[in-house]
Amino acid sequence: MSDEFKASKPTLVMLHGLLGDRHDWAEVSAGLEGVDCLALDLPGHGENHQVQVASFEAFHHWLSDTLMTRGVSRYCLLGYSLGGRLALYHASRQPPRLEALWLESAHPGLPASERSARIAHDKRWATRFEQEPLENVLADWYQQPVFADLTAAQRARQIQRRLSNHGPAIASMLRSTSLGHQPSLWQWLESTPLPVSYFSGRRDAKFHTLATRLKTMAPRLRHITLEGGHNLHAEQPEMIAQQLNAWYRTLG
């Protein structure tokens, strides 16, 4: 694939979930054909563990500045879980160079009546990440219902992978980007002309149901169902890469 061909395509910018880092996308990236990728460490994570953002809006500006610094002129966004919610908020701000949005297991936002309870819930976790040994907090974190499809061995591996995180940095990001602070973007998804695709796993009951509901409200949205749970890019990287390759080929 020539550099000239690559330059004619938008860069695929990849945003991982809470506790992850840019390397989470390695297997997806390996399956891509002629796609220029940029996997970023979120604020509070990986090499950006000292970076803090105070809100979704602050993240939007951080991402815009980061892409400008990296010389990204056109881009698509792929985001998982927290990274998907941040990508969705960024897209809703209508950045002029964004050409498509890909979401994986990402929530479009809670009704106003449920937000304060979620903020309190996330504050409790943030306090634990700040004050307790990380291994203890992670052992409980991966017992949450959204991770119910993990086997004991998978859960243990995930905990080991996440021990490199800095607890207070995770706490800061969790407080700032709680789902309770996120505006509801359901209506934006209904009306946006931006191409939007949503990956959900059949074993992820909560987010598969959410995505099915979203599809009925926003018929233009592409709902892609894969075999797997919440973390599809770890379970089905080849299938996600396949979908991305097919879309990039349509760009000519």
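Since every read-out is calculated from the coordinates, none of them should be taken as a lab result. Computed from a prediction, not measured in an experiment: that's the story for all the values here. As a convention, Cβ positions derive from the backbone with ideal geometry for all residues, glycine included, and neighbour counts pool all protein chains shown.
See the values below:
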quantity: Computed lengthening from L38 to W247, 0.36 nm per intervening residue step minus Cα-Cα distance; calculated: 73.5 nm
quantity: Relative contact order (%) - criterion: Cα under 8 Å, at least six apart; region: the range 129-250; calculated: 22 percent
quantity: Nearest-20 debye value, the range 159-252 charge dipole, Cβ charges on Lys, Arg, Asp, Glu; calculated: 100 debye
quantity: Positive-pole candidate from S191, A246, L226, dipole of the chain, charges at beta carbon; calculated: S191
quantity: Value of relative contact order over the range 1-96, rounded to a whole percent, pairs C-alpha under 8 Å and six or more apart; calculated: 36 percent
quantity: Net charge of neighbours whose Cβ lies under 15 Å from the Cβ of Y198, counting Lys and Arg as +1 and Asp and Glu as -1; calculated: +4
quantity: Of L38, L150, L82, the one that fluctuates the most in a GNM where the chain has Cα springs shorter than 10 Å; calculated: L150
quantity: Q94/Q52 FRET efficiency (R0 25 Å; Cβ-Cβ; nearest 0.05); calculated: 0.50
quantity: For the range 114-166: rounded, prolate or oblate by the Cα gyration tensor [a/c cutoff 1.5]; calculated: oblate
quantity: Full-extension gain in nm, A117 to T69, via 0.36 nm per residue minus C-alpha separation; calculated: 13.5 nm
quantity: Interchain or long-range residues, amide H under 5 Å from L185's placed H; calculated: G109
quantity: Alpha-carbon Debye profile of the chain, log10 I(q)/I(0) at 0.08 Å⁻¹; calculated: -0.29
quantity: The chain: angle of helix 82-92 to the longest principal axis, Cα-based, in degrees nearest 10; calculated: 50 degrees
quantity: Trypsin sites (Lys or Arg not before Pro) within the range 39-120, DSSP loop, no more than 16 other Cβ atoms inside 10 Å; calculated: R70, R74, R93, R97
quantity: Most fluctuating residue given options G34, G17, G180, as computed from a GNM of the chain linking Cα atoms under 10 Å; calculated: G34
quantity: Magnitude of the charge dipole, the range 1-125, Cβ model with Lys/Arg +1 and Asp/Glu -1, debye to 20; calculated: 500 debye
quantity: I224 long-range amide H proximity, modeled H, under 5 Å; calculated: Y198, F199, S200
quantity: Within the range 18-40, backbone nitrogen closer than 18 Å to the virtual label 7 Å beyond the Cα of H166 toward Cβ; calculated: 18-23, 40
quantity: Dipole magnitude of the chain about its Cα centre (Cβ charges: Lys, Arg +1; Asp, Glu -1), debye to nearest 20; calculated: 620 debye
quantity: Whole-Hz ³J(HN,Hα) from phi, Karplus 6.51 cos²θ - 1.76 cosθ + 1.60, for the range 218-230, glycine and proline x; calculated: 10, x, 6, 5, 8, 9, 10, 9, 10, 6, x, x, 6
quantity: Cα gyration tensor shape for the range 183-252, rounded if a/c is under 1.5, else prolate or oblate; calculated: oblate
quantity: Choice from D41, D140, D24 with maximal GNM fluctuation in the chain (Cα, 10 Å cutoff); calculated: D140
quantity: Per-residue [θ]222 nm for the chain (sum of -39500 (n - 2.57) over DSSP H runs n ≥ 4, rounded to 500); calculated: -14000 deg cm²/dmol
quantity: Helix axis angle, 152-162 relative to the chain longest principal axis, alpha carbon, degrees; calculated: 80 degrees
quantity: Zone residues, the range 202-228, relative to L194, backbone N less than 18 Å from point 7 Å out along Cα-to-Cβ; calculated: 214-215, 218-224
quantity: For the range 106-202: rounded, prolate or oblate by the Cα gyration tensor [a/c cutoff 1.5]; calculated: oblate
quantity: Amide H contacts of C76 (H built 1.01 Å from N, under 5 Å, at least 5 apart or other chain); calculated: T11, L12, V13, E99
